[in-house]
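To start, the structure itself, in structure tokens.
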Amino acid sequence: MHKIVIHGGKPLKGEVEISGSKNSALPCLFATLLTDEESVLNNVPDLVDIDTTCSLLTTLGKTIERKGSTVFVKPGKKLQSEAPYDLVRKMRASALVLGPLLARCGVTRASLPGGCAIGLRPIDIHIDGFKTLGATTTLVNGMVEIKATELKGNKYKLKFQSVGATENLLMAASLATGDTILQNVAREPEIVDLANLLIKMGAKISGMGSSTIHITGVERLYRAEHTIIPDRIETATYLIATAMTQGNVVLRKTEPQHIECILQFLVKAGIKLKVNHSSIHCRATRKFKPVSVVTGPYPKFPTDVQAQWMALMALAAGKSYITEKIFESRHLHAAELCRMGAKIQSRSNQFIIEGVDRLQGAHVMVSDLRAGAALVLAGLAARGKTVIHRIYHLDRGYENLELKLKQLGANIERID
Ligand code: UD1
């Protein structure tokens, strides 16, 4: 298994281009199942999760071509309604096949996605929503079968603003008959991006980005070309890397509006930011202040930046608190950061972080994608050598991670 080795302590300097958003590209790729015509997606990042999604789409009948960061999804064989376990188990986002396949085939079967290191992650809200649109569900040998002779528009209030459930219901309702009103939906920029793609395909959607979305079902969807938004989590990760290494970096091709909350917290911590239309210049020249955060659905502080923020606060001048409100067990990175000299205590879903002057390089283990990012950040800032194990998690979500960091002057390499 590959490992990442970092010799820390070098300030990051220069320019970095932010890639397309993983969490937007995935639902947009699944949305191509809603049409028999070609879909063209630009700015798709080159990641393992994207490969898995493309394999899943191919198995379901599509033909995929990739040219650089553009993915062409073309009609291939007859659309299959069953998502194979081998691909579904690799990636939780594969639950997003359910909405499109139900709408197109009238029936879909997929293995229930299992839990993962950060929590149980059930899909009950997705399923409740499909039922409100007229579907019936049965569970057979770990496979969920969802059927509907006709999906009928309805009113549905999500019990929690689930990102995946909002996306699945948005896709299914686009081809239902009549009007659907989804209440208490997720408001993430990735939801807006998916809705914008669906609208280009001919869907009638309004209200995306607010907590109520209105969809008027249409009979079919058509060819569309769409450019995926920049990755706001990757942006936040590079900003924090710059701050932790006392660096000076310009992040290009990003969308500052999507991370206003993070930018405010970074400024509170004393990090200097110059924000332009699509770039952010970040400079950190002194020790930063402790800033406590509570994660929550957009526009609150993203759970996907909780681990990286913990790495930052491990070096702050004083005590801060992090409260994780989205996932029940997103905490395994805390123990690994402590192996590097961080002082972190946890009480249920709250962490108390006492900033230290220095982190020390160590052997550490990645438990999930964002935990991996936090350990890379800690390694970049630490004194000495850090060896990061189980880095396959990082390949799921950070395009050209070592290359981008090397170009910023980091001493980082991947070894066998
Ligand atoms: C998406 C993101 C992930 C991010 C998360 C929260 C993608 C591919 N992944 O995941 O990076 O961390 O949003 O911002 O976009 N829940 C239920 N029942 C459900 C659905 C969710 O109880 O039917 C719970 C989950 O267990 C979790 C919380 O709701 O505790 C949030 O989950 P959700 O917003 O659905 O996250 P994902 O779409 O899986």
Using 0.36 nm per residue of separation minus the Cα-Cα distance, give me the extension gain between HIS2 and ARG286 in nm, one decimal.
98.8 nm
Determine, for MET365, MET91, MET340, the number of other Cβ atoms within 10 Å of each Cβ, and report the residues in order from fewest to most.
MET365, MET91, MET340
Simple SL model, points at 7 angstrom along Cα→Cβ for LYS159 and LYS406; separation in nm is 4.9 nm
To the nearest Å, what is the center-to-center distance of region 219-276 and region 293-358, using C-alpha atoms only?
20 Å
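If the chain between GLU17 and GLU328 were fully stretched, how many nm would it gain, using 0.36 nm times the residue separation less the Cα-Cα distance?
Values: separation 311, 0.36 × 311 = 111.96 nm, distance 3.28 nm.
Roughly 108.7 nm would be gained on extension.
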Going toward the positive end of the dipole of region 22-227, with +1 on Lys and Arg Cβ and -1 on Asp and Glu Cβ, which of ASN141, ALA103, HIS126 do you reach last?
ASN141
Between VAL293, VAL44, VAL185, find the one with the highest GNM mean-square fluctuation for the chain; connect C-alpha pairs within less than 10 Å.
VAL293
How would you rank HIS389, HIS363, going from fewest to most other Cβ atoms within 10 Å of each one's own Cβ?
HIS363, HIS389
Within the chain, what is the longest stretch that has no GluC sites (Glu not before Pro) placed in a DSSP loop and near at most 14 other beta-carbon atoms within 10 Å?
1-149
Spin-label point model (7 Å from Cα, Cβ direction): what's the ARG66 to SER348 distance in nm?
4.3 nm
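Any read-out appearing in this document is the output of simple, stated calculations on the displayed coordinates, not a laboratory observation. Values in this document were obtained by computation on a predicted structure and should not be read as measured data. With ideal geometry, Cβ positions are generated from the backbone for all residues, glycine too; neighbour counts draw on all protein chains shown.
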